[in-house]
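Report on the structure given below.
The values are calculated or read from the model by the stated rules, or taken from the named source; none is laboratory data. On a predicted model such as this, the values are computed, not experimentally measured, just so you know. Please note: Cβ atoms are built from the backbone with ideal geometry, for glycine as well, and neighbour counts cover all protein chains shown.
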Amino acid sequence: MTAAPDIRDSILDTIGHTPLVRLSRIGAGLRCQLIAKLEVFNPGGSIKDRVAVAMIDAAEREGKLKPGGTIVEPTSGNTGTGLAIAARLKGYRVMAVMPDKMSREKIDLLRAYGAEVVLAPTDVPPDSPRSYYRVADRLTAEIPGAFQPNQYANDANPQAHYDTTGPELWEQTAGQITHLVVGVGTGGTVTGTVRYLRERKPDLVVVGADPEGSIYSGGEANVRPYLVEGVGEDFWPQTFDPAAVDRWVTVSDRDSFLTARRLAQTEGILAGGSCGLALHAALQVGAEIGDPEAMVLVILPDGGRSYLSKIFSDSWMRQYGFLAREAHLTVGDVLRRKRAAGEFPSLVTVQPHYKVREAVSLLHEYRVSQLPVVSADDATNVVGAIGERGLLRHAASDPGLLDAEISAVMEPPFPSVDAEDPVRAAVEVLSGDQQALLVVENGRAEGLVTRTDLLEALAS
């Protein structure tokens, strides 16, 4: 008998039924079992796919969302992605309002699915008209036919986890789960999942993982900004039932990010910062348990590909002090220091057909003494250089120099060095009359560093 083909009607039918994986390497030394539920296997890459579809379905049933309508949602990115995927299939417009601390990858992903992204400042209170919550409210009021699912107050959020996440965990663990560790954001995951599981296992121990600076474990008086995304809050969402959590474990940004990196290196699981936060809490809880039959299950809500430019970038991690700086200072470090000080905001260039007068004006405006000359057809192709010393030499013999084209007076391009080259190696490249080096990163010219810049860096 020929088996029937197993083909889903749409990508939405692949949401849920994500796998459990035993974390035997990172959990080596624990006496209990450490199990992870990998929500990255959802089509949008996160647990929020479950919530997004549930909220849209509920809005359609209740008549709140009409054909051709606009969905406006304040989101850290993952919910917006789930909404954007569903909206593509259902014919809705999506506007995702995000805090500006979110990764570039999350923003680009939303736009790839056709969502419109609006960024709002992170460092404002939630009731500020500039906060991403209030910006979303304003857009919802202004746009005809707009609907805001509002995952922070939508009953479909915890209900999605009662209907799917809870039953999956119970079935996959054969009811053997003893401890559940969850990072708490809107509170929907922990509220819905725990409600289902406690109906079957009242003595289940539930641990909420929370960032330092979040209201849940720190209280209103200690709310402050933090870098880990998509978890913790600065207000109490209606979708969160505080009775669902037995105890809290507070985790720093540093421990969250380093644990996420360790997970990738030891288990081959690329996960986000909120996953690192939850796993760090689970490892702490597991270390307190001496029963080999105990099963600590941690929900890892998303994947790590949306954070490659952040927590998986050594330079970003060093910038925030999460990784120790290497013993040698790089040329890229020098360039970033100049930009941070406001001395050299970007790479300023001129083209061969510019007048010398224009170049002199740029030298004065940006308080620099050299400029690269780039091709008029390709701004990445450096074809020469000009500097105050050379211009002064030419001007002494030709008073009409200011009206000449740069091509008539430009000199050979500056020597180039890679941003990752150590400063001491760069010093050796500067010889003779050369006063500056062109810094190249990932094949692109990023800026100039001078003898003075290198000397100051070495001295400091």
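Within the bounds of the range 183-204, is there any residue that is touching a Leu at 6+ places or on another chain (Cβ under 8 Å), assigned by TED's automatic domain parsing to the domain that holds Ser252, farther than 16 Å from Asp246 by Cα and at pLDDT 95 or above?
No - not one qualifying residue is present in the range 183-204.
Have a look at Pro413, Pro352 and point out the one that is out of contact with any Asp or Glu (no Cβ under 9 Å at 6 or more places or on another chain), surrounded by 12 or more Cβ atoms within 10 Å (Cβ to Cβ) and either of a type in the set (Gly, Ala, Ser) or outside any strand (DSSP E or B) (or both).
Selected residue: Pro413, the only one of Pro413, Pro352 that is out of contact with any Asp or Glu (no Cβ under 9 Å at 6 or more places or on another chain), surrounded by 12 or more Cβ atoms within 10 Å (Cβ to Cβ) and either of a type in the set (Gly, Ala, Ser) or outside any strand (DSSP E or B) (or both).
Which residues, taken from the range 139-166, are surrounded by fewer than 18 Cβ atoms within 10 Å (Cβ to Cβ) and over 25 Å from the mean Cα position of the chain (by Cα)?
Ala141, Glu142, Ile143, Pro144, Gly145, Ala146, Asp155, Asp163
Kindly indicate whether any position in the range 355-376 is of a type outside the set (A, V, I, L, M), in a loop (DSSP other than H, G, I, E, B) and either within 30 Å of Thr259 (Cβ to Cβ) or at pLDDT 80 or above (or both).
yes
Quick one: how many residues across the range 357-406 are hydroxyl-bearing (Ser, Thr, Tyr), touching a residue at least 24 places away in the same chain (Cβ under 8 Å) and within 25 Å of Gly443 (Cβ to Cβ)?
Residues meeting the conditions: 2.
Output the residues belonging to the range 76-94 that are aliphatic (A, V, I, L, M) and surrounded by 23 or more Cβ atoms within 10 Å (Cβ to Cβ).
Let us first name the residues in the range 76-94 that are aliphatic (A, V, I, L, M), namely 83-87, 89, 94.
Residues satisfying the conditions are Leu83, Ala84, Ile85, Ala86, Val94.
For the range 121-187, please list each of the helices (runs of 4 or more DSSP H) lying entirely inside it that holds at least 2 residues being farther than 26 Å from Val228 by Cβ.
132-142, 166-172
Considering only the range 1-28, state which residues are within 23 Å of Thr173 (Cα to Cα) and part of a loop (DSSP other than H, G, I, E, B).
Matches in the range 1-28: Ile15, Gly16, His17, Thr18, Pro19, Leu23, Ser24, Arg25, Ile26, Gly27, Ala28.
Of the residues in the range 434-456, how many are part of a strand (DSSP E or B) and polar (S, T, N, Q)?
Of the residues in that region, 1 qualify.
Which residue, of Leu34, Leu30, Leu20, Leu65, is more than 26 Å from the chain's Cα centre (by Cα), over 30 Å from Ala141 (Cβ atoms) and surrounded by fewer than 24 Cβ atoms within 10 Å (Cβ to Cβ)? First the steps, then the outcome.
Details: Leu34 fails: surrounded by fewer than 24 Cβ atoms within 10 Å (Cβ to Cβ); Leu20 fails: more than 26 Å from the chain's Cα centre (by Cα); Leu65 fails: over 30 Å from Ala141 (Cβ atoms).
One residue alone meets the criteria, Leu30.
Could you go through the range 249-264 and let me know if any residue there is in contact with a His (Cβ under 9 Å, 6 or more places away or on another chain) and of a type in the set (D, E, K, R).
Scanning the range 249-264, I find at least one residue that is in contact with a His (Cβ under 9 Å, 6 or more places away or on another chain) and of a type in the set (D, E, K, R), so the answer is yes.
Take the residues in the range 46-62 that are buried (at least 24 other Cβ atoms within 10 Å of the Cβ) and outside any helix (DSSP H, G or I); name whichever of them is farthest from the chain's Cα centre (by Cα).
Out of the qualifying residues, it is Ile47.
Considering the range 113-138 alone, what residues qualify as being more than 26 Å from Pro43 (Cβ to Cβ), in contact with a strand residue (DSSP E or B) (Cβ under 9 Å, 6 or more places away or on another chain) and hydrophobic (A, V, I, L, M, F, W, C)?
Within the range 113-138, Ala120, Val135 meet the criteria.
Hey, could you check the range 297-314 for residues that are part of a helix (DSSP H, G or I) and touching a helix residue (DSSP H, G or I) at 6+ places or on another chain (Cβ under 7 Å) and say which is nearest to Val439 (Cα to Cα)?
At the first step, the residues of the range 297-314 found to be part of a helix (DSSP H, G or I) are 305-307, 314.
Checking which are touching a helix residue (DSSP H, G or I) at 6+ places or on another chain (Cβ under 7 Å) leaves us with 305-307.
Details: Arg305: 28, Ser306: 27, Tyr307: 25 Å.
Per the stated criteria, the residue is Tyr307.
Any residue at all in the range 396-412 that is at pLDDT 75 or above, of a type in the set (Val, Ile, Thr) and touching a Phe, Trp or Tyr at 6+ places or on another chain (Cβ under 6 Å)?
The answer is yes; a qualifying residue exists.
Regarding Ser274, is this residue modelled with pLDDT of 95 or more and polar (S, T, N, Q)?
Considered against the rule, which asks whether it is modelled with pLDDT of 95 or more and polar (S, T, N, Q), Ser274 comes out as yes.
Taking the range 182-202 as the search range and keeping residues that are of a type outside the set (Ser, Thr, Tyr) and closer than 19 Å to Val249 by Cα, which one is farthest from the chain's Cα centre (by Cα)? Working first, answer last.
In the first step, residues of the range 182-202 are kept if they are of a type outside the set (Ser, Thr, Tyr); the result is 182-185, 187-188, 190, 192, 194-195, 197-202.
Okay, now just the ones that are also closer than 19 Å to Val249 by Cα, so 182-185, 187-188, 190, 194.
Working: Val182: 20, Gly183: 17, Val184: 18, Gly185: 16, Gly187: 21, Gly188: 22, Val190: 23, Val194: 28 Å.
Looking at residues that are of a type outside the set (Ser, Thr, Tyr) and closer than 19 Å to Val249 by Cα, I get Val194.
Is it fair to say Gly332 is part of a helix (DSSP H, G or I) and either modelled with pLDDT of 85 or more or within 23 Å of the chain's Cα centre (by Cα) (or both)?
Yes.
Any residue at all in the range 59-67 that's touching a residue at least 24 places away in the same chain (Cβ under 8 Å), aliphatic (A, V, I, L, M) and farther than 16 Å from Asn154 by Cβ?
No: zero hits.
Yes/no matrix, rows are residues, columns are (1) surrounded by 24 or more Cβ atoms within 10 Å (Cβ to Cβ); (2) without any contact (Cβ under 8 Å) to a residue 60 or more places away in the chain; (3) out of contact with any Lys or Arg (no Cβ under 7 Å at 6 or more places or on another chain):
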| site | (1), (2), (3) |
| --- | --- |
| Ala243 | no, yes, yes |
| Arg254 | no, no, yes |
| Ala264 | no, yes, yes |
| Ala271 | yes, no, yes |
| Ser274 | yes, no, yes |
| Leu279 | yes, no, yes |
| Val285 | no, no, yes |
| Ala294 | no, no, yes |
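Given the options Ala436, Ala426, Ala408, Ala459, name the one that is more than 17 Å from Ser375 (Cβ to Cβ) and either loosely packed, with under 14 Cβ neighbours inside 10 Å or not assigned by TED's automatic domain parsing to the domain that holds Gly387 (or both).
The match here is Ala459.
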